[in-house]
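The values are calculated or read from the model by the stated rules, or taken from the named source; none is laboratory data. Quick caveat, the model's predicted, so the values are computed rather than measured. Methodologically, a virtual Cβ is constructed for each residue, glycine included, from the backbone with ideal geometry; neighbour enumeration extends over all protein chains shown. Note: areas computed on protein heavy atoms with side chains; ligands, DNA, RNA excluded. Shrake-Rupley method; radii C 1.70, N 1.55, O 1.52, S 1.80 Å.
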Amino acid sequence: MLAARCCLIATIALAACAAPQGDLNVSIPPHIASAGPSALASAPPRNVAIPPFRDAAARPGRIGDRSTSASGPTGAVIIDPPPGQLLHDAFAAELRRAGHTIQNSAGATIEGSVVGLTLRINSTAMDWQVIVDANVAIAAHTDERTVNHAYATRCEDRSYTTPGASVIAGMVGHCIDDLARQFRSDADIAQVLGAP
């Protein structure tokens, strides 16, 4: 009887550790602009054009593999919206929060290109390490001035169960928030927008 119970417990434990199958679609909530200080707010309110951001990835929404196990990947992690739209919307939200208006044509333009947004899940005997790396390049310009900057961040966490959609959404959201913080704190971008 004891042997049967031990076998049942071992079977359940192995099933819980088994690699998930198939693609995992993850919805990322929109970024909420910070109410804190913003260098962008030091510029007088103006109209700013912010066209859709480019994405260097061939499949922008596919940010990594769902699981890494001895047998290899068992599916992709696909985020919605894709990185370019997430960052575009986050930066636009920060501009609006700073008092600027988004318009298709304006005296100031901010263009963006997502260099990468990638997810890695490393499994150990005890847990899973979740790592998200995100990089975006920004060009802000008017007729008088141009500034090119790049922002990068790494977000890491550990999970004691197989990382699911909620864990991954939280990690991606945290990285988007950090890139938006770097953008709103950028005094050079603020100067392009007219800050003293």
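Whole number in Å², please: accessible area per residue of the chain, 1.4 Å probe, ligands, DNA and RNA not counted.
Ligands and nucleic acids excluded, the figure is 52 Å² per residue.
Tell me which of Ala108, Pro82, Leu40 sits at the most positive position along the dipole axis of region 39-136, charges placed on C-beta atoms (Lys, Arg +1; Asp, Glu -1).
Checked the options; the winner is Ala108.
Which whole DSSP H helices in the chain pass both tests: a Cα extent of 27 Å or more along the axis and a mean Kyte-Doolittle value no lower than -1.0?
Length and hydropathy pass: 165-184.
Need one number: nm distance between label points at Asp157 and Arg62, each 7 Å from Cα along Cα→Cβ, rounded to one decimal.
2.5 nm
Which of the peptides 111-117, 137-143 is most tightly packed, and how do the rest follow, judged by the mean count of other Cβ atoms within 10 Å per residue?
Highest mean packing first, the order is 111-117, 137-143.
So if I place +1 on the C-beta of Lys and Arg and -1 on the C-beta of Asp and Glu, and nothing else carries charge, what would the dipole magnitude of region 138-196 be about its Cα centre? I want it in debye, nearest 20.
In debye, rounded to 20, region 138-196 gives about 180.
Just to be sure I understand the model, the point goes 7 Å from the Cα along the line to the Cβ. What's the resulting Arg96 to Ala150 distance in nm?
With each label placed 7 Å out from Cα toward Cβ, I get 3.0 nm.
Tell me the carbon and sulfur percent of the accessible area for the chain, rounded to whole percent, probe radius 1.4 Å.
56 percent
Taking the Cα centre of the chain as origin and charging only Cβ (+1 Lys, Arg; -1 Asp, Glu), how large is the dipole, in debye to the nearest 20?
Computed about the Cα centre, the dipole is about 300 debye.
Between Thr142 and Arg120, what is the FRET efficiency for a Förster distance of 35 Å, r being their Cβ-Cβ separation, to the nearest 0.05?
That pair, Thr142 with Arg120, gives E of 0.35.
So if I take the centroid of the Cα atoms in region 76-114 and the same for region 120-165, what is the distance between those two points in Å?
If we compute the Cα centre of each part, the gap is 17 Å.
Can you compute the FRET efficiency between Ser166 and Gln103 using 1/(1 + (r/R0)^6), with r the Cβ-Cβ distance and R0 = 41 Å? Round to the nearest 0.05.
The value I calculate is 0.70.
Using all C-alpha to C-alpha distances in the chain, build P(r) with 5 Å bins and read off the rounded percent in each one.
For the chain, the binned pair fractions read 1, 8, 15, 18, 15, 11, 9, 7, 6, 4, 3, 2, 1, 1, 1, 0, 0 percent.
Going by average Cβ neighbours within 10 Å, how do the peptides 174-181, 27-34 rank, with the highest at the top?
Descending mean neighbour count gives 174-181, 27-34.
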